[in-house]
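Visitor: Below is a structure I'd like to ask you about.
Bear in mind that the values in this text are calculations on the coordinates, not laboratory data. As the structure is a computational prediction, the values presented were derived from the model and not from experiment. Here the Cβ positions follow ideal geometry from the backbone for every residue, glycine too, while neighbour counts run over all protein chains shown.
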Amino acid sequence: MKQTDSKKLFQQALNVIPGGVNSPVRACRSVGTDPVFIDHAFGCFVYDADGNRYIDYVGSWGPMILGHRHSQVIKAISTVLERGTSFGAPTDLEIELAEMVIAAIPSMEMIRVVNSGTEATMSAIRLARGFTGRDRIIKFDGCYHGHADTLLVQAGSGVATLGIPGSPGVPESFVAHTLSLPYNDIETIQKVMDEQGEKIACIIVEPVAGNMGLVAPVDGFLNILRELTEKTGSLLIFDEVMTGFRVAYGGAQSLYGISPDISTLGKIIGGGLPVGAYGGRQDIMGHIAPQGPVYQAGTLSGNPVAMAAGIATLKEIRQPGFYSALDEKAERLTAGLRSSAEQAGIEVTVDRVGSMAGLFFTGSEVKNFEDAKKSDLEIFSTYYQGMLQRGIYLAPSQFEALFVSSAHNNRYIDQTIRAAAEVFAKIKEID
Ligand code: HOZ
């Protein structure tokens, strides 16, 4: 692989952007490389500034379920550009997207659109507190719900990648009401809710955790959260920023048959443009301003370009057979990775839910953040670099998920598996 322009661009970026990037994980520090700068993308490929092509499993961290520059999405964006880019006033497109989301996810009886997943979760927490009149919230170690102050406790994603428990700049008092518990630990949540349930405004959870690598919920975990919140009058928030329209058209809640009080969305509903949303029961959403007193606003919220991209994406992915075909591809990939590692004698734990997957360098089960942290991070770096050199673009962190799009085909999936087999063999050699 050539490395010329990316290196130069990164040096230039370091002078004007902290760490040279606009989101920390992209700096690739934990995998011991500098980032490649992307020039353009198409289908399942990204092309860097040095002229290299990579098979892309980052997919802009989840939104690109149709691959890059899907013709219908580009057409919708181009058409709406003729109308303008932002009015700061309501449009028909906002209703269309809201109706599509509500039809797909029945627990979301009303939704409010914002500009990012962080805004969505931050607003959902405020709403839960405003609705219940309680301050305390529960989250889970290794789950990441964006970078709002209250939620930066034992968080996954970039926070886990950088190995920091919280963040300077977040006053103690801002997180004093946040309790972080082990993911998938039914006994602990039961005990805490028995003791404090009546003081808890909400439990927020990634129904499939995608920010500590991929960690699926164990049987009964999501059910117990539903039961306990119902019993104590607190609200259950499913953070489906990653899983919404990804693991199924109706999100993880349709897959596991749980109806949360509030859900948050992002990524796919923006079709690659900056969009987030939160929504839930009518009586809860009625507390949002101007219908109710809980304040939340945004100049660019619901802007027509992002709405058009989201609508066009949802129209494509709601076609019959879309998810079964996508899941088949993801299964081919994960089965291939698993068996190549086995053949090379490398211990891995590979998990998949729909088209999201994760690979940990540990032979033991990964059910929570503590388990995820047992993955050998040095081997992960070697794996990441080896894959990149072979034209495979993965998230540069053990604590992120891998995404397959409908633009990936068997030929490129098999190429990925062959690359992994080579890298696993090299890892074994070094071992
Ligand atoms: N932290 C997000 C992924 N879980 C976004 C990372 C990025 O965009 O760099």
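Visitor: Only four residue types carry charge here, +1 at the Cβ of Lys and Arg and -1 at the Cβ of Asp and Glu. Report the dipole size of the chain about the Cα centre in Debye, rounded to the nearest 20.
Guide: Numbers: 36 positive and 47 negative charges, 178 e Å.
So the dipole magnitude of the chain works out to roughly 860 debye.
Visitor: Further question: Among the DSSP beta bridges whose two residues both lie in region 223-377, what percent are antiparallel, rounded to the nearest 5?
Guide: Working: 9 of 14 bridges.
Taking every DSSP beta bridge with both residues in region 223-377, the antiparallel ones total about 65 percent.
Visitor: Still on this model: If I model a spin label at Ser71 and Phe42 as a point 7 Å from the Cα along the Cα→Cβ vector, what separation in nanometres do I get?
Guide: According to this spin-label approximation, the distance is 1.3 nm.
Visitor: In nm, to one decimal, how far is the modelled label at Glu347 from the one at Asp414, with both set 7 Å along Cα→Cβ?
Guide: Those two pseudo-labels are separated by 3.3 nm.
Visitor: Calculate the length of the line joining the C-alpha centroid of region 147-204 to that of region 1-39, in whole Å.
Guide: So the separation of the two Cα centres works out to 31 Å.
Visitor: Calculate, for Glu195 and Thr85, the FRET efficiency according to 1/(1 + (r/R0)^6) with r their C-beta to C-beta distance and R0 60 Å; round to the nearest 0.05. It would help to have the intermediate numbers written out before the result.
Guide: On the way: r = 51 Å, r/R0 = 0.85.
The formula returns an efficiency of 0.75 here.
Visitor: Could you derive backbone 3J(HN,Hα) for region 44-55 from the dihedral phi with the Karplus parameters 6.51, -1.76 and 1.60 (θ = phi - 60°), listing whole Hz in sequence and x where the residue is Gly or Pro?
Guide: Each residue of region 44-55 in turn: 9, 10, 10, 10, 8, 5, 9, x, 8, 10, 10, 7 Hz.
Visitor: Ok, one more. Using the Cα centre of the chain as origin and beta-carbon charges of +1 (Lys, Arg) and -1 (Asp, Glu), tell me which of Ser263, Ala104, Ile38 is placed farthest towards the positive end of the dipole.
Guide: It is Ile38.
Visitor: May I pose another question? Placing +1 on the Cβ of each Lys and Arg and -1 on the Cβ of each Asp and Glu in region 316-381, which of Phe361, Gly321, Ala344 has its Cα farthest towards the positive end of the resulting dipole?
Guide: Result: Gly321, furthest along the dipole toward the positive end.
Visitor: Sticking with this structure for a sec: Please report the antiparallel percentage of the DSSP beta bridges confined to the chain, to the nearest 5.
Guide: On the way: 25 of 43 bridges.
Here the share of antiparallel DSSP bridges comes out near 60 percent.
Visitor: What does the extension gain come out to for Glu378 and Val218, with contour length at 0.36 nm per residue minus their alpha carbon separation?
Guide: Details: separation 160, 0.36 × 160 = 57.60 nm, distance 2.79 nm.
Additional length available on full extension: 54.8 nm.
Visitor: Ranking request for peptides 167-174, 63-70: highest mean number of other beta-carbon atoms within 10 Å first, then the rest in descending order. Provide the component values of the computation, followed by the final result.
Guide: Numbers: 167-174: 10.4, 63-70: 22.6.
Final packing ranking: 63-70, 167-174.
Visitor: Rounded to the nearest 0.05, what FRET efficiency is calculated for Ser173 and Ile102 with R0 set to 30 Å and r the Cβ-Cβ distance?
Guide: Details: r = 37 Å, r/R0 = 1.23.
The formula returns an efficiency of 0.20 here.
Visitor: Further, regarding this structure: I want to check the label-to-label distance for Glu370 and Ala425. Put each point 7 Å from Cα in the C-beta direction and report it in nm to one decimal.
Guide: Using points 7 Å along Cα→Cβ, the separation is 3.9 nm.
Visitor: In addition: Just to be sure I follow the rule: in region 283-430, considering lysines 8 or more places apart or on different chains, how many pairs have Cα atoms under 25 Å apart?
Guide: Values: Lys315/Lys329; Lys329/Lys367; Lys373/Lys426; Lys373/Lys428; Lys374/Lys426; Lys374/Lys428.
Number of lysine pairs found: 6.
Visitor: When Lys and Arg each count +1 and Asp and Glu each count -1, what net charge do the other residues less than 10 Å away from Gly19, Cβ to Cβ, add up to? Numbers along the way, then the final one.
Guide: Working: positive: Arg26, Arg29; negative: none.
Combined, the nearby Lys, Arg, Asp and Glu give +2.
Visitor: Quick one: net charge of Ala421's neighbours, Cβ under 15 Å, K/R +1, D/E -1?
Guide: Details: positive: Arg332, Arg338, Arg390, Arg418, Lys426, Lys428; negative: Glu342, Asp414, Glu422, Glu429.
With Lys, Arg at +1 and Asp, Glu at -1, the net is +2.
Visitor: Follow-up. Under 17 Å Cα to Cα from Lys231, which lysines show up? Leave out anything in the same chain fewer than 8 places away.
Guide: By straight Cα distance, Lys231 reaches Lys191, Lys199.
Visitor: Connecting C-alpha atoms closer than 10 Å in a GNM of the chain, tell me which of Pro217, Pro90, Pro207 has the biggest fluctuation.
Guide: Highest fluctuation among the options: Pro90.
Visitor: When only DSSP loop residues count, what chymotrypsin sites (Phe, Trp or Tyr not before Pro) in region 261-326 have their Cβ near at most 14 other Cβ atoms within 10 Å?
Guide: On the way: sites: Tyr278, Tyr295, Phe322, Tyr323; in loops: Tyr295.
Taking region 261-326 and a limit of 14 other Cβ atoms within 10 Å, the loop chymotrypsin sites (Phe, Trp or Tyr not before Pro) found are Tyr295.
Visitor: Next up: So what is the calculated 222 nm ellipticity per residue for the chain, using -39500 (n - 2.57) for each DSSP H run with n of 4 or more, over all residues, to the nearest 500 deg cm²/dmol? Spell out each step's value before the answer.
Guide: Working: 15 runs with 169 residues, N = 431.
Per the formula, -12000 deg cm²/dmol.
Visitor: If you count, for each residue, the other Cβ atoms within 10 Å and average over each peptide, how do 232-238, 40-46 line up from highest to lowest? Spell out each step's value before the answer.
Guide: Numbers: 232-238: 24.4, 40-46: 18.7.
Result, highest mean first: 232-238, 40-46.
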